[in-house]
Amino acid sequence: MTAATYQPEDGIKGQICFDQVSFAYEKDYLVLDDVSFSCEAGKVVALLGSTGSGKTSLVNLLPRFYDVTSGQILLDGVNLNEYSREFLRSQIGIVEQEPFLFSCSIQDNITYGVHREVSQEEIEEAAREAAIHEVILGFKNGYDTLVGERGVTLSGGQKQRLAIARTLLINPRILILDDSTSSVDMETEVQIRAALDSLMTNRTTFIIAHRIQSIMNADLILVFDKGKIVQTGEHEALLNQDGIYKDIYDIQARIDSALQEEIDRVDTI
Ligand SMILES: Nc1ncnc2c1ncn2[C@@H]1O[C@H](COP(=O)(O)OP(=O)(O)O)[C@@H](O)[C@H]1O
Ligand SMILES: [Mg+2]
C-alpha cells in the first residue's frame, strides 16, 4: 500500500461523513458498530454515552490515530485514508481533559506546535480569549514564568485554558474536545465554556461531555450505547422521546435542583 499523500491546496472545509463505520482494536470485538452520520463544515457534533461506549475511539479515527475496520469516513467528500496523517493532524486541534504542559515558559507552552511566526500581541490576544491572560499577568515573571517541576503549578482548569489559547493560535478547521470540562469546579467551568465557545466558532467541532448543559446547543447529538448510535438529533427533539438522553437529562436536572436547594438552605443559615 502506498502512503496517503492527499493535501488540498486551499486547506480543508471540515465537512465530515461517517458511512457505516465499524472499528475494532482487536479482532471480533467491535468498539464502533455500523456508525453513520454526517455533519456540515463548522457545525458542532456532540457525543454522549456511558464510559466505554466508544466516544474517544470515534474521535481518534479523525486524525487517523487508528483506521476504520470497515466502512469509510469522508472529509470534504474524500476518503480520510487518502489524506496523509501529518496533514490531517495539522488541521485538527485536540483539547484534552488534562493537557500536557512542557517544563518551559508559559509563552513557549502557548506557542508549542504553532508552526508560524506569531507576535506578542497575537499571543496575548489568544490568552485573553481563553481567559488565561489575567492569570498569567498575576505571576511575577508573566509570560516568562516557568511551568512544571522548576516553576509554577497550574490547576487543571488553567492548563486547559492554556491549551485553548494554543489551539486558537494553531487555528485548526476541526476541533476535538474530549471531556473538556468534567474535571474542573463550577466557576472554572463557566470560564472554560466561554473560552471553548470562542474556540468552537466556525470550526467543525466534536465534543464529548457528560453534562447535558455542555452539549445542548450542539447541531447534532449522537447518543452511544456499546458502540452503536442509539439516538440522534437536536436537544429538543431528544428530550421529547423516551430513551437514554431523556433519562440522563432527568437525572442531571434532579441532581442540579437538589444541589440548588442545598445551597439555598446553607445560604439562609
Ligand atoms: N487502545 C485501546 N486498545 C484496546 N481497547 C481499547 C483501547 N482504547 C479503548 N479500548 C476499549 O474500547 C472500548 C471503547 O472505549 P472508549 O472509546 O475509550 O470509550 P469512551 O470514550 O466512550 O469511554 C472500551 O471497551 C475500551 O476498553
Ligand atoms: Mg473517552
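The values are calculated or read from the model by the stated rules, or taken from the named source; none is laboratory data. Remember, predicted model here, so these are calculated numbers, not experimental data. Neighbour counts run over all protein chains shown; Cβ positions are idealised from the backbone, glycine included.
Inspect all residues belonging to region 19-39 and state whether any of them is surrounded by 13 or more Cβ atoms within 10 Å (Cβ to Cβ), among the small types (Gly, Ala, Ser) and in a strand (DSSP E or B). Checked region 19-39: at least one residue is surrounded by 13 or more Cβ atoms within 10 Å (Cβ to Cβ), among the small types (Gly, Ala, Ser) and in a strand (DSSP E or B). Pairs are defined by a Cβ separation below 9 Å, a sequence spacing of at least 6 or placement on different chains, a first member in region 236-252 that is over 11 Å from ARG211 (Cα atoms) and modelled with pLDDT of 95 or more, and a second member that is among the hydroxyl-bearing types (Ser, Thr, Tyr) and part of a helix (DSSP H, G or I); the pairs so defined are LEU238/TYR245; LEU238/TYR249; LEU239/TYR245; LEU239/TYR249. When region 59-72 is filtered for residues that are more than 22 Å from ILE170 (Cβ to Cβ) and of a type in the set (A, V, I, L, M, F, W, C), only VAL68 remains. Tally time: how many residues in region 116-138 are on the phi < 0 side of the Ramachandran plot, in a loop (DSSP other than H, G, I, E, B) and within 21 Å of the chain's Cα centre (by Cα)? Total meeting the criteria: 2.
You will find that of GLN213, GLN231, the residue that is within 16 Å of ligand 1 (Cβ to nearest atom), without any contact (Cβ under 8 Å) to a residue 40 or more places away in the chain and more than 29 Å from SER103 (Cα to Cα) is GLN231 and no other. For ASP267, state whether it is among the charged types (D, E, K, R) and touching a helix residue (DSSP H, G or I) at 6+ places or on another chain (Cβ under 7 Å). No; evaluated as a whole, the condition is false for this residue. Annotation note: Cβ proximity below 7 Å between a residue of region 46-57 that is farther than 23 Å from GLU234 by Cβ and a residue that is near ligand 1 (Cβ under 6 Å from one of its atoms) and at pLDDT 95 or above (sequence gap 6+ or interchain) occurs for SER57/VAL31.
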